[in-house]
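The values are calculated or read from the model by the stated rules, or taken from the named source; none is laboratory data. Here the structure is a predicted model, which means the values were calculated and not measured. Here the Cβ is made from the backbone with ideal geometry for all residues, glycine too, and neighbour counts use every protein chain on show. When the accessible area is computed, the model is the full protein with side chains, heavy atoms only, and any ligands, DNA or RNA have been set aside. Shrake-Rupley method; radii C 1.70, N 1.55, O 1.52, S 1.80 Å.
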Amino acid sequence: QVQLAESGGGSVQPGGSLRLSCAASEFVLHYYNIGWFRQAPGKEREGVSCITSNADSTLYADSVKGRFTISRDNAANTVYLQMNSLKPEDTAVYYCAAVIWDGSSWSYYGLKSHIYDYWGQGTQVTVSS
C-alpha cells in the first residue's frame, strides 16, 4: 500500500530550526490524515502534530505548541513539520504516519499512534550544544 519517507532531520544547536518532510510513494497523500510522532531512547512514542487531509484541522502536543507548525502541499504529495526554537528535549527519531479517517472525533484520536495504518522509517533529530 502506501509507503512514506521522512527527510530533513539532522543535528542542530538549541534555538535552531529544521523542516521535516513526509512524502508518499504514489500520488495518494491527499486522501490521508497525517501525523508526526517522535520517540527518544528509553521513552514512549508520543504524538507531536497531525493534520487532516484537506488541512482544515491541525493538532499539536502541548510540548511543541507555538514552536512547531504542520502543513501540507497536496499537489506536491508532501506534508511538512517546521520546527523552530528547538530544545534538547526535542531530540528523537521523528516518524510520519498516514490514515484514512471518516472525520469523527479526530481531535481525540489524531495524536494517538494506534490509529495510523502506514508509517515511515523515521528521521533523526538531535538538538545539542
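Using a probe radius of 1.4 Å on heavy atoms only, what accessible surface per residue do you get for the stretch 1-123? Whole Å² is fine.
Ligands and nucleic acids excluded, the figure is 50 Å² per residue.
Rounded to a whole number, what % of the accessible area of the chain do carbon and sulfur atoms account for, probe 1.4 Å? Present the calculation step by step, with values, prior to reporting the outcome.
Working: 2930 of 6490 Å².
It is 45 percent, rounded to a whole number.
The base-10 log of I(q)/I(0) for the chain, evaluated at q = 0.17, 0.21 Å⁻¹, reads -0.80, -1.23 [Debye formula, identical scatterers on Cα atoms, solvent excluded]. Kindly list the residues of the stretch 24-53 that lie in the label zone of Tyr108, defined by a backbone N under 20 Å from the point 7 Å along the Cα-to-C-beta vector. Once the point is set 7 Å along Cα→Cβ of Tyr108, 33-35, 47-53 turn out to lie under 20 Å by backbone N, inside the stretch 24-53.
Cα extents for the stretch 57-120 along the principal axes, largest to smallest and rounded to whole angstrom: 35, 28, 21.
Cβ screening of the chain for cysteine pairs under 4.7 Å finds these without a partner: Cys50.
Global dimensions of the stretch 1-55 from alpha-carbon coordinates: Rg and Dmax equal 13.3, 38 Å.
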